[in-house]
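The values are calculated or read from the model by the stated rules, or taken from the named source; none is laboratory data. Since we're looking at a predicted model, the values are computed, not measured. Every residue, glycine among them, receives a Cβ derived from its backbone with ideal geometry; neighbour counts consider all protein chains shown. The accessibility values were calculated without ligands, DNA or RNA, using every heavy atom of the protein model including side chains. Shrake-Rupley method; radii C 1.70, N 1.55, O 1.52, S 1.80 Å.
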Amino acid sequence: MPFNLTDIKIGVVGLGYVGLPLAVEFSRKYPTVGFDINAERIAELAAGTDLTLEVSDEELASVDRLSFASDANDLADCNFYIVTVPTPIGDGNRPLLTPLKSASRTVGKVLSQNDIVVYESTVYPGATEEFCVPFLEQESGLRMNQGFFVGYSPERINPGDKKHRLPSIMKVTSGSTQEVADYVDTVYASIITAGTHKASSIKVAEAAKVIENTQRDVNIALVNELAMIFERVGIDTEEVLEAAGTKWNFLPFRPGLVGGHCIGIDPYYLTYKAQQLGYNPEMILAGRRINDNMSIYIVSRIVKLMLEKSIHPKNAKVLVLGLAFKENCPDVRNTKVVDIVNELQVFGADCDVCDPWVDADDALREYGISLVLDPEPGSYDVVVLAVAHDQFVEKGADGLRALGKEGCLMYDIKYVLPAGASDDRL
């Protein structure tokens with residue numbers, strides 16, 4: 001079956017941090033429908049605003065071949081579907097594939113002969129063909145590689161990153177037949193200036209994505225463990241890493257909290273598949289345990305330092321600066337800052353959280369946290385710098401310390417402040 005770009009109409013299913021930039025970029029070249037089951041999200045985008053801040057109002061206004069829909073019937077005229085729904089984890093850190101199942105059913109109901117469905121959501125190797133395709137077949141009455149075709153092209157969006165944007169990040173592509181793989185690669189190559197890499201199979205492309213973040217997770221776990229060792233030795237972790245970094249092949253990872261929708265989640269998709277096949281991964285899960293428990297270690301360190309300063313944890317006023325899972329981004333999915341707040345509250349501390357990037361309604365709805373927009377200077381026994389937002393960095397050591405009382409404890413999780421400017425850092 002010959003494929004061409006002349007008659008292509010793209011449907012992007014899921015308009016979050018991944019789907020919206022993709023829909024905007026494709027609409028510069030092709031008619032595109034952006035679909036999301038959240039009617040409020042559709043209304044917001046139709047009004048020209050993206051609350052995730054991944055796409056500016058100006059960018060939304062500049063595209064005229066992009067329409068938004070929450071009714072699946074509006075996807076019926078599309079012939080190239082891209083699924084970008086989230087793939088979180090559920091109980092027992094097992095993959096939660098409900099959004100993927102729902103999206104596959106939605107697309108299946110509007111599939112026509114020779115349509116192509118490309119998945120970008122992070123999954124375990126084999127999930128596209130083993131899990132998603134049966135729903136497409138069931139709903140459409142068609143068969144893969146006879147009535148419709150599939151592909152996989154893993155997303156590489158980095159929320160909040162204004163330098164590494166969709167067109168400037170190389171894209172991995174794949175397809176269920178060689179002809180489809182070539183076509184999928186051609187479609188993406190038409191918008192990706194950094195180029196594409198065509199994998200030999202869908203499983204290879206799926207595996208490539210899931211190990212990108214697994215590798216980072218394991219490396220961060222290593223330096224987190226080193227930080228805990230060096231604290232006991234009595235030396236500064238950053239100084240050690242800077243010294244070691246003078247060797248050309250030393251990897252520049254830093255200790256910290258591992259949250260968000262990728263690094264702290266993707267490894268569990270790989271370990272789930274491995275365990276299904278009878279292999280129990282050791283290094284990957286060990287890294288996950290270390291990173292998931294960093295908040296406990298950090299709070300234990302903070303409480304110890306509080307006692308050394310004669311600050312009793314019970315009823316102590318603590319200001320936590322930052323709630324998002326990373327700097328200069330409003331994304332609070334799987335943020336580990338919440339674990340720090342909860343752990344401090346176990347000790348009886350009275351915690352305020354300030355984050356100029358995060359929507360107050362999101363913080364309250366997701367975590368029951370009422371954000372403090374303008375912390376009163378001189379009010380806090382402890383100031384914890386948890387996220388390196390520009391607004392916090394610009395205050396400098398003196399500005400941040402001024403938020404606390406005289407003699408307050410300042411703890412720097414993100415290495416924002418120079419050595420010695422805080423009472424301690426991770």
Matching residues in segment 220-261 - criterion: being open to solvent by less than 40 Å² (accessible area, probe 1.4 Å), out of contact with any helix residue (DSSP H, G or I) (no Cβ under 8 Å at 6 or more places or on another chain) and not in a loop (DSSP other than H, G, I, E, B):
E238, A244
Any idea which of L51, L75 is over 22 Å from I192 (Cα atoms), out of contact with any Gly (no Cβ under 8 Å at 6 or more places or on another chain) and not hydroxyl-bearing (S, T, Y)?
L51
Being more than 16 Å from I37 (Cβ to Cβ), among the hydrophobic types (A, V, I, L, M, F, W, C) and either in contact with a helix residue (DSSP H, G or I) (Cβ under 7 Å, 6 or more places away or on another chain) or open to solvent by less than 60 Å² (accessible area, probe 1.4 Å) (or both) is true for just one of V123, V107. Which residue is that?
V123
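I want to confirm something. Restricting to segment 263-281 and keeping residues that are part of a loop (DSSP other than H, G, I, E, B), open to solvent by less than 20 Å² (accessible area, probe 1.4 Å) and not β-branched (V, I, T), which single residue is modelled with the lowest pLDDT?
Of segment 263-281, the ones part of a loop (DSSP other than H, G, I, E, B) are 263-265, 277-281.
Within this subset, residues satisfying the condition of being open to solvent by less than 20 Å² (accessible area, probe 1.4 Å) are 264-265, 281.
Those left that are additionally not β-branched (V, I, T): 264, 281.
Numbers: G264: 89, P281: 95.
Among residues in segment 263-281 that are part of a loop (DSSP other than H, G, I, E, B), open to solvent by less than 20 Å² (accessible area, probe 1.4 Å) and not β-branched (V, I, T), the one modelled with the lowest pLDDT is G264.
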Close pairs (7 angstrom Cβ cut-off, 6 or more residues apart or separate chains): within 13 Å of D71 (Cα to Cα) in segment 103-114, open to solvent by 10 Å² or more (accessible area, probe 1.4 Å) and charged (D, E, K, R) anywhere:
K109/E139
Please go through segment 32-62 and pick out each residue that is within 20 Å of Y188 (Cβ to Cβ) and surrounded by 17 or more Cβ atoms within 10 Å (Cβ to Cβ).
T32, V33, G34, F35, E54, V55
Against the conditions (1) closer than 24 Å to R41 by Cβ; (2) modelled with pLDDT of 95 or more, where does P134 fall short? Just the number, please.
(1)
Provide a single number: the residues in segment 116-162 that are within 22 Å of K203 (Cβ to Cβ), over 25 Å from the mean Cα position of the chain (by Cα) and of a type in the set (D, E, K, R).
2
Are there any pairs, at least 6 apart or on different chains, whose C-beta atoms fall under 9 Å, with the first in segment 336-352 and over 17 Å from A363 (Cβ atoms) and of a type in the set (V, I, T) and the second open to solvent by less than 20 Å² (accessible area, probe 1.4 Å) and not in a strand (DSSP E or B), and if so, which?
V346/V299
Considering residues that are part of a strand (DSSP E or B) and more than 23 Å from Y297 (Cβ to Cβ), the number found within segment 399-426 is 3
